[in-house]
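The values are calculated or read from the model by the stated rules, or taken from the named source; none is laboratory data. Everything numeric in this text was worked out from a predicted model, so none of it was measured. All Cβ positions, glycine included, derive from the backbone under ideal geometry; neighbour counts span all protein chains shown.
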Amino acid sequence: MFIDMHMHEKTFSSDSFLSLDEIVREAKKKGLDAVCITDHDSMGLRDVAAAYTERTGYPVFVGIEFYSLQGDILAFGIDRYPKERISAQDFIDMVNEQGGITISAHPFRNNRRGLEGHLDIVKGITAIEVLNGSTLPDATKLAEDYSKKLCLPATGSSDCHVTEKVGVYATYFPDEIHSIRDLVEAVRSGRCKPAYYKDGTYKIYEF
C-alpha cells in the first residue's frame, strides 16, 4: 500500500487550500491507497474523516503535526494532545504513553521548523520523515543520514497544502493498513519505506 502520511486540510490548517474531497480526488488519481491528515496542532477533522471513510470506503487517517518547542513532530494513534507548545521530549513521552508513534517531520528543512540536531538528544521518537514535498535535496540527505545513524524507520510524505503537491511523496507499506492501529504498528516495527511518484506510478526510495 502507498499512503501519504503528512497532508493539510483547510478546515483546521489555515495555510492549506485543500478540502478533504480535493485531497482524496487527487490521491486516487495518483493511486494512493489511503491518506493521512496531519493538521497543525489539531486533530479536529477526526469525526469528519471517520464519517468520510465510512461513507466512501476510502481510508482517511487523522494524526497531528505538533509544533514542539524544538520543531514539528507528526503523531498518530493518540486521543489527547497539548493545547500549548511543550518540549519535543515531553510531547514524545505523552504520545508513547498513549501507545502512539512520533515521526520527526522535515527535520532539516531550512525554515527552522524541524528538530535538526535535537534528534541526537530526544529519546523515544519512532521514525524520521526522509522525503518531504517541500524540502530541498541537501535536507533530505541529512534526514537519510539520521535515519541510518539512529536506526529509525524512514517515511515519505507530500506535506501538501495545494493540489499539485498531493501525493508527490508517500510511504510504502508491504502490509494492508486498515486502521490507525495498523499504521502505528507498521511504522513502529519498521515495515515501511519512503516512496516517490514518477511517470504515473510510485517507486520505493532506496538509500
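Going by the structure shown, is Gly124 over 22 Å from Phe91 (Cβ atoms), touching a residue at least 24 places away in the same chain (Cβ under 8 Å) and not in a helix (DSSP H, G or I)? Here the answer is no, as Gly124 does not meet what is asked. The residues on offer are Lys141, Lys149, and the sole one that is out of contact with any Leu (no Cβ under 9 Å at 6 or more places or on another chain) and among the basic types (Lys, Arg) is Lys141. Among the residues making up region 128-166, those that are of a type in the set (Asp, Glu), touching a helix residue (DSSP H, G or I) at 6+ places or on another chain (Cβ under 9 Å) and under 16 Å from Gly114 (Cα atoms) are Glu129, Asp159. The numbered conditions (1) farther than 18 Å from Ala186 by Cβ; (2) surrounded by 20 or more Cβ atoms within 10 Å (Cβ to Cβ) are all true for Lys30 except (2).
Show the residue pairs that are 6+ apart or on different chains and have beta-carbon atoms under 7 Å apart, the first residue being within region 163-186 and surrounded by fewer than 16 Cβ atoms within 10 Å (Cβ to Cβ), the second being assigned to a loop (DSSP other than H, G, I, E, B). Listed pairs, sorted by first residue: Thr163/Leu18; Pro174/Arg191; Asp175/Arg191; Glu176/Met1; Arg181/Gly77. Scanning region 32-90 for residues that are more than 13 Å from the chain's Cα centre (by Cα), part of a strand (DSSP E or B) and not aromatic (Phe, Trp, Tyr), we see that the one that is nearest to Ala170 (Cα to Cα) is Gly71. Among Asp15, Asp39, Asp4, which is the only one that is more than 24 Å from Val95 (Cα to Cα) and either touching a Pro at 6+ places or on another chain (Cβ under 6 Å) or acidic (Asp, Glu) (or both)? Unique residue meeting the criteria: Asp15. Take Thr140 and tell me if it is outside any loop (DSSP other than H, G, I, E, B), at pLDDT 95 or above, of a type outside the set (Phe, Trp, Tyr) and buried (at least 24 other Cβ atoms within 10 Å of the Cβ). Here the answer is no, as Thr140 does not meet what is asked. Is it the case that region 14-28 has a residue that's aromatic (Phe, Trp, Tyr) and either within 21 Å of Pro153 (Cα to Cα) or free of Cβ contacts under 8 Å to residues at least 40 places away in the same chain (or both)? There is no residue in region 14-28 that is aromatic (Phe, Trp, Tyr) and either within 21 Å of Pro153 (Cα to Cα) or free of Cβ contacts under 8 Å to residues at least 40 places away in the same chain (or both).
Taken as a whole, the condition of being among the small types (Gly, Ala, Ser), free of Cβ contacts under 8 Å to residues at least 12 places away in the same chain and either surrounded by fewer than 17 Cβ atoms within 10 Å (Cβ to Cβ) or under 18 Å from Gly133 (Cα atoms) (or both) applies to Gly57.
Identify the single condition in (1) within 24 Å of Gly190 (Cα to Cα); (2) crowded, with 21+ Cβ neighbours inside 10 Å that Ser13 does not satisfy, given that it satisfies every other one. So Ser13 meets the others, but not (1). The set of residues in region 166-207 being among the charged types (D, E, K, R), closer than 19 Å to Gly63 by Cα and assigned to a strand (DSSP E or B) consists of Lys193 alone. Scanning region 84-119 for residues that are touching a Leu at 6+ places or on another chain (Cβ under 9 Å) and polar (S, T, N, Q), we see that the one that is surrounded by the most Cβ atoms within 10 Å (Cβ to Cβ) is Ser104.
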